[in-house]
Amino acid sequence: MQKMKKRNPNLIDTAIQLHQSGEIQPDTYILDVDAILKNAQLILEEADRQGVELYFMLKQIGRNPDLAKLLIEAGFPAAVVVDFREAKTMMANHIPLGNVGHLVQIPNHLLKEIMEYGTTFITIYSLDKLKQINQVAKELGITQKILVRVVDEGDALYPGQYGGFELTELPEYFDAFKELDHIEIAGATSFPCFLQNTKKDILEKTNNADTILKAQNLLLDAGFPAKELNMPSTTSVYTLPFINNLKGTQGEPGHALTGTTPMHAEKDLPEIPAYVYVSEVSHNFKGHA
């Protein structure tokens with residue numbers, strides 16, 4: 001809130017005016033589209049300098065399809081979607097899909113619908129899912145690019161996001177991968193690949209980044225065209241050089257588009273805060289609202 005007051009006070013004033021005039025109700029998010037698009041341009045320009053491909057993520061602002069269309073016009077090639085409901089929203093609004101399945105695997109009976117629509121990459125957590133994707137790709141007459149989610153001891157994993165191929169066991173799956181002729185193992189991914197150390201005020205890679213680099217080497221040595229390293233985590237102007245230095249090829253800006261990553265609360269980064277949540281004081285009681 002302090003950064004919002006400092007860097008985008010007009011948005012607060014506008015939100016108050018809209019609420020007090022009755023144009024909006026409480027429990028409403030106000031998006032500063034001009035600021036978001038300016039943030040997006042800064043991120044795209046830095047990504048171009050660093051040679052990192054970007055897919056935007058809109059889960060943090062309700063999978064907003066109107067904003068998705070504007071981001072495509074701004075130069076993003078596609079969206080990354082974290083679950084099948086976000087995929088369906090983007091598909092219903094004709095937004096290109098870049099990566100599906102990264103945090104939540106695609107339900108079996110939606111695979112064909114999503115793959116028929118088309119997505120550049122699908123992230124997998126298991127051989128079972130890969131076999132299902134291969135079967136659907138065969139029916140559709142396509143070859144589907146795959147990112148392999150890999151985990152190792154010491155990786156940082158958030159609750160509810162456990163899963164993937166264990167690094168020490170990954171080579172055991174290579175023969176099975178090669179038997180599937182309608183998929184292409186295009187790279188590896190994990191999340192988060194780096195985090196801000198607030199005590200030291202520096203960006204630090206997590207063990208996850210080392211894990212997927214090791215996985216990529218194993219895949220390349222086995223003959224897979226695993227050129228992609230998908231490295232999400234607060235992708236922004238500030239972190240894009242870090243992705244490049246770690247040999248990452250893909251980032252996924254989400255909260256940076258609205259200037260609301262944890263780092264943006266601490267620093268005056270290039271992206272400015274671009275949305276507020278409007279509530280209303282119901283009543284006062286014992287000196288508290």
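For the chain, with only Lys/Arg (+1) and Asp/Glu (-1) charged at the beta-carbon, what is the dipole magnitude about the Cα centre, in debye rounded to 20?
The dipole magnitude comes to about 520 debye.
Which whole-Hz couplings ³J(HN,Hα) result when phi for each residue of segment 20-27 is put into the Karplus expression 6.51 cos²θ - 1.76 cosθ + 1.60, θ = phi - 60°, listed in order with x for Gly and Pro?
After applying 6.51 cos²θ - 1.76 cosθ + 1.60, I find 6, 7, x, 6, 10, 9, x, 6 Hz.
Taking the Cα centre of segment 151-289 as the origin, how large is its charge dipole in debye, to the nearest 20, when only Lys and Arg (+1) and Asp and Glu (-1) carry charge on their Cβ atoms?
The dipole of segment 151-289 has a size of about 700 debye.
Can you compute 3J(HN,Hα) from phi for each residue in segment 129-145, using the Karplus curve 6.51 cos²θ - 1.76 cosθ + 1.60 with θ = phi - 60°, rounded to whole Hz and x for Gly and Pro?
5, 5, 5, 5, 5, 4, 5, 5, 4, 5, 4, 8, x, 10, 10, 9, 6
Before rounding to the nearest 500, sum -39500 (n - 2.57) across all DSSP H runs of length at least 4 in the chain and divide by the residue total; then give [θ] at 222 nm in deg cm²/dmol.
One gets -11000 deg cm²/dmol as the mean residue ellipticity at 222 nm.
List the lysines whose Cα lies under 17 Å from the Cα of residue 145, skipping any in the same chain that are fewer than 8 positions away.
112, 129, 131, 178, 227
Along its principal axes, what span do the Cα atoms of the chain show, with the longest given first and each in whole Å?
Here the spans come out as 66, 44, 42 Å, largest first.
Using modelled backbone amide H atoms (1.01 Å from N, in-plane), which distant-in-sequence or interchain residues come within less than 5 Å of residue 183's amide H?
144
Which is the longest run of the chain containing none of the trypsin sites (Lys or Arg not before Pro) found in DSSP loop states (not H, G, I, E, B) with at most 14 other C-beta atoms within 10 Å?
1-198
With a cut-off of at most 16 other beta carbons within 10 Å, and DSSP calling the residue loop, which GluC sites (Glu not before Pro) in segment 23-129 qualify? Please list them.
Passing sites in segment 23-129 are 23.
Normalised by the residues of segment 66-216, what does the relative contact order come to in percent, with Cα pairs under 8 Å and at least six apart?
18
Sorted by accessible area with a 1.4 angstrom probe, largest first, how do 277, 238 fall?
277, 238
Explain nothing, just compute: Karplus ³J(HN,Hα) = 6.51 cos²θ - 1.76 cosθ + 1.60, θ = phi - 60°, for every residue of segment 35-44 in order, whole Hz, x for Gly and Pro.
Calculated HN-Hα couplings, in order: 5, 4, 5, 5, 4, 4, 5, 4, 5, 4 Hz.
Take the Cα gyration tensor of segment 1-74, multiply each eigenvalue by 5, square-root it, and list the three semi-axes largest first, rounded to whole angstrom.
28, 15, 10
At what distance in nm do the modelled label points of residue 16 and residue 277 sit from each other, each positioned 7 Å from its Cα along Cα→Cβ?
It works out to 2.0 nm between the two label points.
Please list, or write none, the lysines whose alpha carbon is within less than 22 Å of the alpha carbon of residue 267, excluding same-chain residues fewer than 8 places away.
3, 5, 6, 38, 199, 200, 205
Hey, got the dipole for segment 1-121? About the Cα centre, +1 on K and R Cβ, -1 on D and E Cβ, debye to the nearest 20?
300
Please compute the volume of the convex hull spanned by the alpha-carbon atoms of segment 180-256 and report it per residue in Å³.
Residue-normalised Cα hull volume stands at 92 Å³.
For segment 36-119, what relative contact order do you get, as a whole percent, if you take Cα pairs closer than 8 Å and at least 6 residues apart?
25
What are the residues whose amide H is under 5 Å from the amide H of residue 149, where those residues sit 5 or more places off or on another chain and H is modelled from the backbone?
Residues meeting the amide H criterion: 124, 165, 189.
For residue 228, which sequence-distant residues (separation of 5 or more, or a different chain) have an amide H within less than 5 Å of its own amide H, given hydrogens modelled in the peptide plane?
Those lying under 5 Å, H to H, from residue 228 are 187, 188.
Can you find, among 123, 150, 198, the residue farthest towards the positive end of the dipole of segment 108-218? Put +1 on the C-beta of Lys and Arg, -1 on that of Asp and Glu.
198
Contact order normalised by length for the chain, with contacts defined as Cα pairs under 8 Å and 6 or more residues apart; what percent is it?
Relative contact order for the chain comes out at 23 percent.
With the Cα gyration tensor of segment 134-289 in hand, convert its eigenvalues to equivalent ellipsoid semi-axes via √(5λ) and list them largest first in whole Å.
38, 19, 16
Among 102, 11, 72, which residue has its Cα furthest toward the positive end of the charge dipole of segment 1-115, with +1 on Lys/Arg Cβ and -1 on Asp/Glu Cβ?
After comparing all options, I get 102.
The values are calculated or read from the model by the stated rules, or taken from the named source; none is laboratory data. What you see is a predicted model, and the numbers here were worked out from it, not measured in a lab. Glycine gets a Cβ as well: all are built from the backbone with ideal geometry, and neighbour counts include every protein chain shown. Quick note on the areas: whole protein, heavy atoms, side chains included, nothing else; ligands and nucleic acids left out. Shrake-Rupley method; radii C 1.70, N 1.55, O 1.52, S 1.80 Å.
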